[in-house]
1. So, in nm, how far is label LYS240 from label LEU6 when the simple model puts each one 7 Å beyond its Cα toward the Cβ?
2. Work out how much length SER68 to GLU159 would gain on full extension: take 0.36 nm times their residue separation and subtract the Cα-Cα distance, in nm to one decimal.
3. When a/c is below 1.5 the answer is rounded, else prolate if a/b is larger than b/c, else oblate, so apply that to the range 132-258 with a ≥ b ≥ c taken from the square roots of the Cα gyration tensor eigenvalues.
4. How many angstrom separate the Cα center of the range 1-46 from the Cα center of the range 178-217?
5. Using a cut-off of 18 Å between alpha-carbon atoms, which aspartates and glutamates can reach LYS83, once sequence neighbours fewer than 8 places away in the same chain are excluded?
6. At 0.36 nm per residue, and after removing the present C-alpha to C-alpha distance, how many nm does the segment from LYS249 to LEU93 gain when stretched out fully?
7. Work out, step by step, the length gained on full extension between LYS184 and CYS213: first 0.36 nm times the residue separation, then minus their alpha carbon distance; give nm to one decimal.
8. To the nearest 10 degrees, how steep is helix 110-131 against the longest Cα principal axis of the chain, on a 0 to 90 scale?
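What follows draws every value from the coordinates through simple rules; no lab data is involved. Fair warning: this is a prediction, and the values are worked out from it, not measured in the lab. Neighbour counts run over all protein chains shown; Cβ positions are idealised from the backbone, glycine included.
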Amino acid sequence: MSEEVLDELSVLSAVFCGKDEFQVIEESAETGLVCRIHTLVQTDEKETPLNLTFHLPPGYPDAPPDVSISSSELSRKQCQELKEMVVNKARSLQARPMVHELVMWLQHNFSDLIATSDVLQRQNTADCEAEGVWTALLHLDHMRSKAKYIKLIEKWTAELRLTGRLFVGKPILILLQGERRSIKEYIHLQRTVKVDVDSSGKRCKEKMMSVLCEIPLSEDFERISTFEVKEALSLEDLRKEFDEVGALKLYQEFVPSLQ
């Protein structure tokens, strides 16, 4: 570790000298150094506690630090947006020891940064509301590693807050409902991540998925409240499943042609 970085650590331990205010958590020649700073930010309304974790890579300060932020008074979304602002600030600075400078910048601009975060959050909410709920129907050609494939689909739909059904049979269909951007992200993951295995057992991407439809939810369709997996269905059972979730029109339009 360079002398200037050691000097910075000495300054940080002197500035944040209270109990548990400053800690070096990890130090390694391979991965760099991780330190944590606990501080209180004063605003006109209240004090906000912040836990700031800085990961200084081996190339620091030529390479900027990574940052994570947590607080009992802020939402996870606000903490993530603050982190992105601090990381962007770090990237804009010339290469020099900057941890103390970043903490001071965050403290001095905290109210404005939180206000910006709130505006972004309201804009995102408004965008989602404007987009409304969408429905998509996807067709998969096959599943060789069925158990792992299903587990991955369940993981993605949970993370993206999508509801619907996975019908595992002949044909294999995925019915999705949720925000349009989440459906787009799901389709992107389905096409770009290695989700199955090929005939030789090697992991492979889904090359034969087709998007049968992607439409806004209308009065003709019901809102699906959960995501469930349905296996070994006959065609009649499949039709009934579509009917039960209010998507019989999709079945009638797309499924018969897949036989």
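1. It works out to 7.6 nm between the two label points.
2. Gain on stretching SER68 to GLU159: 30.7 nm.
3. Taking the square roots of the gyration eigenvalues as a ≥ b ≥ c, the range 132-258 is oblate.
4. 43
5. Of all the aspartates and glutamates, those that pass the test against LYS83 - Cα under 18 Å, at least 8 places apart if same chain - are ASP66, GLU73, GLU101, ASP112, ASP118.
6. 50.5 nm
7. 9.2 nm
8. Rounded to the nearest ten degrees, it is 10.
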